[in-house]
1. Filter LYS186/LYS376; LYS32/LYS243; LYS101/LYS288; LYS156/LYS247; LYS22/LYS268; LYS186/LYS243 down to the pairs with a C-alpha to C-alpha distance above 32 Å, please.
2. Once phi is turned into ³J(HN,Hα) by the Karplus curve 6.51 cos²θ - 1.76 cosθ + 1.60 with θ = phi - 60°, what whole-Hz value does each residue of segment 335-352 show in order, with x for glycine and proline?
3. Sort segment 227-338 into rounded, prolate or oblate with this rule: let a ≥ b ≥ c be the square roots of the eigenvalues of the Cα gyration tensor; rounded if a/c is under 1.5, and if a/c is not under 1.5, prolate when a/b is larger than b/c, oblate otherwise.
4. Need the list of aspartates and glutamates near LYS320 for cross-linking: C-alpha distance under 15 angstrom, and skip anything on the same chain fewer than eight residues off.
5. How would GLU353, GLU271 rank on accessible area, largest to smallest, probe 1.4 Å?
6. Might you tell me the accessible area per residue for segment 219-355, computed with a 1.4 Å probe and given in Å²?
7. With all protein chains present and a 1.4 Å probe, how do TYR79, TYR209 order by accessible area, largest first?
8. So which aspartates and glutamates can LYS66 reach, going by Cα to Cα under 13 Å and dropping same-chain residues fewer than 8 places off?
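The values are calculated or read from the model by the stated rules, or taken from the named source; none is laboratory data. What you see is a predicted model; the values in this text were computed from it and never measured. Don't worry about glycine lacking a Cβ; one is built from the backbone with ideal geometry, like all the others, and counts go over all protein chains shown. Just the protein is used for accessible areas: all its heavy atoms, side chains included, with ligands, DNA and RNA removed. Shrake-Rupley method; radii C 1.70, N 1.55, O 1.52, S 1.80 Å.
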Amino acid sequence: MKYAALIALWLLTYASHAQPVKIESILQLPVKKIKQWKRPPANDSILMLPLVYAKDDWAKQPVLKKLLDATITRVDLLYSDYPKGDPLLTLNRNRLKELRKMLPAIFHGNEVRFRLVRQTNCTDTTTARVLFHGFVVTYHKGGLSVDRSYEIGYLKSLFNPKIKKDSATGVLPGYGKPPKDSTVIKVLERNKWNQMMVVADVTGSMSPYTAQFLLWLKLQSIDKVVKQFIFFNDGDAQPDDQKELGKTGGIYGRRTTKFNDAAGLVYKTMEKGNGGDIAENNVEALLKGFGMCPDCANIVMIADNNAPVKDIALAGQLNKPVKIIVCGAINSGIQKDYLNLARISGGSVHTIESDITNLMKMKEGETIKINGKEYKIASDQFVELLKM
């Protein structure tokens, strides 16, 4: 019964701010019309990300260093009113997808305001082409980047009895309906692992799943289920161009039987993180954990399905099977890096619905279908088969 109550608690309390912002919702926003956007005078709080006219390609490779240690408050998508009256939904959808690849964190939470801005000072291709097309990011320096402080504050509030919930909805004040993805709880409930080393990605986009893990942990006898905690944020606030393979850092570990100590380590790791590039240093975190707990029986990684593994080249150093809980994989395929990581280590991949444990036995040329997508072993690694 405690698991049923736990899932109910999760579904009632986790905030809508942690849900991914859907691109379709952005496309349905009211369109602000102006004659022509002009860049403000020298201003450190504006970053322009230009796109090629009528395409979803970047006009030049975006430089994001200004956004390190910054709080993003607004993102405007600027485009032209040509052809006149055409909503350009397909083009703008693809442009937003490109932005999400580059800055995934801004699509989590409700701290970033999106706007669609249509410029009307054009009558044909020639006059439309001279207008600015692309994204304008408004930000301010200092504080926790994007909405990390908000995420951390909410995680803490889940376990603070002094914060009263709405008697009718069970939702904390100021928060909305919860997401439906209870992957972490479902996997841990289904698999009765013990003496675990839990290695968890706690970067900002993972906060809904971090909350799930903490909620699950709250009801456990920690000394029976978890022997070692490892949390990582991909290099603290280190700039991406200074991150060295296998030495990125931002990894924090602790042995404890106290819930507050484990939760405190999560908050510390999140506070020191700063987003950065999409890929994460999963293998480095695993290797550090192996060194800290050589006697841990089950190695369980809580991973972001939307983030590739930047140090997959180091996976050959893993000498224990890794059980990977992939978060954010509902109605989508599995990041092939996690399939390869599980296969190399002799481990397994776990989704909200299934436990995939036969990866190590698969041979060259064999295929497997997961969440409607098919993967094949080619040159001794998984590749996704694209539908024709």
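1. Values: LYS186/LYS376 27 Å; LYS32/LYS243 40 Å; LYS101/LYS288 28 Å; LYS156/LYS247 30 Å; LYS22/LYS268 29 Å; LYS186/LYS243 34 Å.
Violating the 32 Å limit, Cα to Cα: LYS32/LYS243; LYS186/LYS243.
2. 3J(HN,Hα) across segment 335-352, in whole Hz: 4, 4, 4, 6, 5, 5, 4, 5, 5, 4, 7, x, x, 8, 10, 10, 10, 4.
3. Numbers: a/c = 1.30, a/b = 1.13, b/c = 1.16.
Judged from the Cα gyration tensor, segment 227-338 comes out rounded (a/c under 1.5).
4. GLU284, ASP295
5. Greatest to least solvent exposure: GLU353, GLU271.
6. 38
7. Numbers: TYR79 5, TYR209 30 Å².
Output order, biggest surface exposure first: TYR209, TYR79.
8. Cross-link targets: ASP44, ASP240.
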